[in-house]
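Everything on this sheet refers to the single structure shown next.
Laboratory data are not the source of any read-out in this text; all were calculated from the coordinates shown. None of the values given here were measured: they were computed from a predicted structure. Neighbour counts are summed over all protein chains in view; Cβ atoms, including those assigned to glycine, are modelled from backbone coordinates with ideal geometry.
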Ligand code: DCP
Ligand code: CA
Ligand code: CA
C-alpha cells in the first residue's frame, strides 16, 4: 500500500529476532489463538459501530436534506432522534417539538411513519402528530435501513470464518475482527509466520519491526499521567496488541467509509480488545469518529467513567452496587479489594465486577443473533370500550407483524414463528391467551383471524372493558429448512403441538397470577418473591460471560410516546432474578426522564422506554405473561420429553415425576422447567 501506517523510527534498529532485542509480551500461541476467535486471546480485536443520530440520518437521506440543517425526528409531540446541527441548539430527546422550535425556529421536525386503520401499509403522513388515538408508529423505515447497513458490512468484510458480525440493536453492530486481523498480520509481517524458536509455541514473539504507528484520524485514548502504566506506557515501543488494533482500526475506517459512500450515513466506532470497551469507545467521540482504546490505555480510560455507564451495569444492578459501596465512580470501586466485592456481592458477581472495572470481558460476538419474538402493541388513551375498536387494532397489529415477518424471510420459508399471543389489560387486570400458528395461517389475514380468535377467548372471561392496552406477539421462531422440504417443515407436530395446546389451557391460571400481583412491576415482584434472603446476591444472578444477553437486534428498541410499543423481544434475559437495563439511556433521555412527559420509564428487562408508570406496568405485565407462557411451554415440552423418554427408559421417568407439570399452573411448574434452559436463556425464579 502507498501510505503504510507503520513507520520505522530507527532505520537500523536490530532486525526482529536479533539478539539483544527486547521480545514481545505475546507468544506464538497467543498469535495463533487469534485465528480461532479464542475469547481469552490477549490479541483479540473487537469493534463496535453505532450510527450517529440514526433515525435523523435516515430522514435526512430520504428527504435529501443538506447535512448542516437541523432536523429532529418527531413522534407525536416528542422527539426521538436529533441530528448534530440541531443538538448545537441544545435540542435533545427531552424536548417537545414546541420547546425545540423555540430553541431553533428553523428546525425540521419530521414525524415518523404510521399505520392507520384502512391503509394496508405504513406511510409518512403530514397529520400524524394529531392522530395519536388512531395511528400507530411504524419503525419499518429504520429497520429497513438497518438491514441495508448490515448487508453492506457483511459484504465488505471477508466471508466465511474470517467474519463475525453481531447486530446489537437497530443502529449498532459488534465486529469480532480477530481472525481477519490475524490473516492481515500474517501477510504483512513475515516474522509472525514462525517457525517459533525451539518449536515452542510458548516462546515470545519478536517485537514488531516498527516503532511508531500512524493512527491517522483515530481518537486515541491517552494513557493518563499519574499511574504506573501511564507513566511509561507511551514510551514503550508498540507491541503486537497495538499493531492488531491498528490493523483493526484500518478495517473499521474502511467499513465506515463504505457505509457512508453507499448509503450516506456516518457512524462512530470503538476499537479495543473486547465488547465492553468498544461499546464505550464508540460513544466516546461522536459524530463520525472512531476511538481506539489500546490495552495500555484501558485503565486510564475506564477510571474516568461512572460504572453505571458500563454495559451490564446500567439500571438496577449498577444502582445496587452504587448503594452497597456508596459511589458511582469506577476509580473508587477500583480501590475495593476483590474479597470485599465478593463478600458484598457474592463470589461470582464479585469477581465479575472486579474484572469488568478493569476492562476484562470475554463475552463473545454472536453472529447468529436472531429475533425470537415480535410484538406489536398499543396503550390506549383514552381507553377503548368495545370489540369493534379492539378488532381495528388487531388488524393493524397483524399487518405490522406480518410485514416484519416478511422482512425476516417468512415468505421464503427461512424462519417462522410458531406461537401467537394476545395480551389484554383492563384496569389492573391483565389477561393473555396463546395458540399455535398453523403454517397455512401464516399471512396477514391468517394472523388477524388467530388474533381475533384469541380475543374472543379473552372476552368470554367476563368484564374486560375498558381496555387500556392490547399487545399481539408472535414467538417460538423456527429456522426454516432450505431446499425442497418446503412448508411441511414448518408444521407444528407431535410433542410440540401438545405442548402448545396445554400452554393454551394454562393461560387461565396465568391470569390469576397477574391479577394477584398487579400492585407492583413484575421485576420487583420477582425480587421479593425470590425470598430466602440473600438480598443483593439473589438479585445479581449468575450470568454467562460468553453470552450476550441483550434483548437483541432492532427489537430492543421499543418506542414509547403515545403508548406505542413496537418491539420484538429476542433473547430471553440471562440476567434473571430481576432483570435490569443493560444499557443506560442516552444522556438526553435520562435528563428527559425528569423533565418531560415522554421517555420517562425505562423497562428494566429490555431497552423499552415507556411513557408513564401505568404503561411501564402494563409492559412489565406483558413480560410477565410471556415468561409464564414460556416457562409453561418449556416445562410442558420437558415433561413430554420425559414422558416419552420414560416410556422407553423407566429410570428417567421415575427420577422426574414424569408429566406432572402438565397439570400444574405456571407457578408450580416453574421450578421443574429450569433444569435445562435453552442456550441464551435462563428462567426467572419465583418463590
Ligand atoms: N431511539 C428512540 N428512543 C430512545 C433512544 C433511541 O426512539 N430513547 C431511537 C432513535 C435513535 C435510534 O434509536 O436514532 C438509535 O439510538 P441511539 O441511542 O444510538 O441514539 P442516536 O443514534 O439517535 O444518537 P447518537 O448519535 O448519540 O448515537
Ligand atoms: Ca446511534
Ligand atoms: Ca445506539
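Quick one: in segment 304-367, what % of C-alpha pairs are over 18 Å apart?
28
When a footprinting reagent is the concern and you count Cβ atoms within 10 Å, what order do 204, 479 take, fewest first?
Least crowded to most crowded, the residues run 479, 204.
Could you check the spin-label model distance between residue 326 and residue 254? Points 7 Å from the Cα along Cα→Cβ, value in nm.
Going by the 7 Å Cα→Cβ label model, 5.4 nm.
With a ≥ b ≥ c the root eigenvalues of the C-alpha gyration tensor of segment 373-479, is it rounded (a/c under 1.5), prolate (a/b larger than b/c) or oblate?
prolate
How long is the gain from residue 415 to residue 35 if the chain were fully straight, where each residue apart is worth 0.36 nm and the alpha carbon distance is subtracted?
In short, 133.7 nm is gained.
Let a ≥ b ≥ c be the square roots of the eigenvalues of the Cα gyration tensor of segment 253-394; is it rounded (a/c under 1.5), or, if not, prolate (a/b larger than b/c) or oblate?
oblate
If each of residue 123 and residue 61 carries a label point 7 Å out from its Cα toward its Cβ, how far apart are those two points in nm?
2.5
If R0 is 45 Å, what FRET efficiency do you get for residue 343 and residue 429 from their C-beta distance, rounded to 0.05?
E(calc), rounded to 0.05, equals 0.55.
Indicate, rounded to the nearest 5 percent, the antiparallel portion of the DSSP beta bridges found entirely in segment 53-138.
Just about 70 percent of them are antiparallel.
Multiply the residue separation of residue 150 and residue 69 by 0.36 nm, subtract the distance between their alpha-carbon atoms, and state the gained length in nm to one decimal.
The residue 150-residue 69 span can extend by a further 26.5 nm.
Listed highest first by mean packing, meaning other Cβ atoms within 10 Å per residue, what order do 239-246, 216-223 come in?
239-246, 216-223
Where the centroid of each part is defined by its Cα atoms, how far is segment 183-215 from segment 389-460 in Å?
Value for the Cα centre distance between the two parts: 57 Å.
Using a Förster radius of 45 Å, what is the FRET efficiency between residue 190 and residue 362 based on their Cβ-Cβ separation? Nearest 0.05, please.
Efficiency computed from Cβ-Cβ geometry: 0.90.
Roughly how many nanometres apart are two label points built 7 Å out from the Cα toward the Cβ at residue 161 and residue 286?
3.7
Any chance you could list the semi-axes, whole Å, largest first, of the equivalent ellipsoid that the Cα gyration tensor gives for segment 53-138, using √(5λ)?
23, 14, 9
Say R0 is 35 Å: what FRET efficiency, to the nearest 0.05, do residue 388 and residue 101 get from their beta-carbon distance?
Plugging the Cβ-Cβ distance into 1/(1 + (r/R0)^6) gives 0.40.
Starting from the Cα gyration tensor of segment 125-266, multiply each eigenvalue by 5, take the square root, and state the resulting semi-axes largest first in whole Å.
42, 21, 13
Could the peptides 102-111, 415-424 be put in order, highest first, of the mean number of other beta-carbon atoms found within 10 Å of their residues?
415-424, 102-111
Within segment 382-407, name every residue whose backbone N is under 20 Å away from a label modeled 7 Å from Cα of residue 465 along the Cβ vector.
Only 382-396 fall inside the zone, counting backbone N under 20 Å.
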